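Everything on this sheet refers to the single structure shown next.
The values are calculated or read from the model by the stated rules, or taken from the named source; none is laboratory data. It should be emphasised that the depicted structure is a prediction, and the values quoted were computed from it without experimental measurement. Cβ atoms come from the backbone with ideal geometry, glycine included; neighbour counts cover every protein chain shown.
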Amino acid sequence: MILREIANEAVAGGAGAPKVLVVDDDATSRLLAGAALKDQMQITEAENGEVALQILGRESFDLTILDLDMPVLDGFAVIEQARARPETRHLPIIVVTGREDVVSIERAFALGATSFLCKPINWNVFRHQVAYVFHKAQVERRLRAKNEQLEQVAALRARSIAALSRSIESAATRLDCPPEGQPASTELHKYCEKMRKLVRRVGHVSDVLTGSTEFFPQAAEAHDVAAAAVAMLESEDGSVPAERIDIQESEPLKLHGDADLVKGALVEILANALEASPSEERVQLRVVGASPNRVRFEIEDHGAGIPEHLLEAGIADLAADVAAGSNAKPGLGLALAKAVVDRHHGHFGIVSEPGRGTEVFLSFPAAAEADGEATLNQAVRIAS
């Protein structure tokens, strides 16, 4: 039943019935394996490893069932050579063996086997095993295609940002702008410096969105991260006095995350809040515990607020508005902050009312207790 569903799905998708190569020097074993699968799959047989590799060089298959003990060329050699070829590097290989020693099975897996069955074969179990391996291979194939697509997008973004940076530097040279980092004396030179910073921010957003940045989650004092963000903001822009930001913490809290990325996200949101607020107004940065096992940063300003239609459009559209040159200045910073939160599997939210201000929420995993911290660290690394 399971095999029939898989075969029907493949045919419906235009791929035809799945193709299986059965490799075994015993003709009876090949016959029985083919008989168990032939109603739902196309079966090709090979009597030894050498013939199998020749067939694999001519045709593509969805799955291979391979005996380990064969003359001429055994199953171990077939696995090793198949994994060395680009066209069969990811081919699912179920090894079948009459051996009972664990060493042989471990060797087969080390060379690249996908699964194994021991002789004598239970043919009902055999069908389920084939169905499971085939389905798993389909999922992995889709994931590889998606990852390749993402890598191509990331490469395109990187090339585009690099080209933009070169164009800005070329324009800055023609306009006789001072080198990056040196004081700008005219409005035109200040604009050059602003464009340089914008390109860096766009590049940083792209890196976070595509996962190109290094990611080192570990325990950190939430208050220290918040204070460091305020200090960074003040050092980057001397017009931002630290006393305009109130940091409030209900109790000492530890977050589990990449402190540099979290700090960068807070800088972006704080910069937006300060820019939106009148000079006499203060911005609130609160650090609170949230359930379950979360640390939440709440940044509140009393500025003009974000129009409702932009909030409904979402963060991505806000960032697009910035790129198009609109007045939605918070867009890029919001996009970066949300990307950082998503990287930590946290929660990002905005509440805003025109004329009353905006409150942004960024939650991150809380640090585990000392005896469980290593486990959490490992889980976060795996999830990322």
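Within segment 105-126, identify whether any single residue is exposed (fewer than 11 other Cβ atoms within 10 Å of the Cβ), at positive phi and either outside any helix (DSSP H, G or I) or modelled with pLDDT of 85 or more (or both), and answer yes or no. Reasoning before the result, please.
Restricting attention to segment 105-126, the residues satisfying the condition of being exposed (fewer than 11 other Cβ atoms within 10 Å of the Cβ) are 120, 124-125.
Filter once more, so that each one left must be at positive phi: none.
Within segment 105-126 (the criterion being exposed (fewer than 11 other Cβ atoms within 10 Å of the Cβ), at positive phi and either outside any helix (DSSP H, G or I) or modelled with pLDDT of 85 or more (or both)), the answer is no, since none of the residues qualifies.
Here are some residues: 184, 171, 220. Which one is over 28 Å from residue 366 (Cα atoms) and at pLDDT 70 or above? Steps first, please.
Working: 184 fails: at pLDDT 70 or above; 220 fails: over 28 Å from residue 366 (Cα atoms).
One residue alone meets the criteria, 171.
Of everything in segment 12-70, what is within 22 Å of residue 97 (Cβ to Cβ), without any contact (Cβ under 8 Å) to a residue 60 or more places away in the chain and in a strand (DSSP E or B)? Give them in sequence order.
21, 22, 23, 43, 44, 45, 46, 64, 66, 67
Of the numbered conditions (1) modelled with pLDDT under 80; (2) on the phi < 0 side of the Ramachandran plot; (3) small (Gly, Ala, Ser), residue 264 satisfies every one except a single condition; which is it?
Status for residue 264: all satisfied but (1).
Out of the residues in segment 57-104 meeting the condition of being among the hydroxyl-bearing types (Ser, Thr, Tyr) and at pLDDT below 90, tell me which one is farthest from residue 29 (Cα to Cα). Reasoning before the result, please.
If we filter segment 57-104 for residues that are among the hydroxyl-bearing types (Ser, Thr, Tyr), which is where we start, we get 60, 64, 88, 97, 104.
After this cut, where a residue has to be at pLDDT below 90 as well, the list is 97, 104.
On the way: 97: 11, 104: 20 Å.
So the residue we want is 104.
Taking segment 338-353, which residues are surrounded by fewer than 18 Cβ atoms within 10 Å (Cβ to Cβ) and farther than 14 Å from residue 300 by Cα?
342, 345, 347
Would you point out the residue of segment 52-75, among those that are more than 19 Å from residue 116 (Cα to Cα) and crowded, with 17+ Cβ neighbours inside 10 Å, that is farthest from the chain's Cα centre (by Cα)?
Applying the first criterion (more than 19 Å from residue 116 (Cα to Cα)) to segment 52-75 yields 53-60, 71-72.
Those still in the list that are crowded, with 17+ Cβ neighbours inside 10 Å too: 53, 56.
Working: 53: 35, 56: 33 Å.
So, considering only residues that are more than 19 Å from residue 116 (Cα to Cα) and crowded, with 17+ Cβ neighbours inside 10 Å, the one farthest from the chain's Cα centre (by Cα) is 53.
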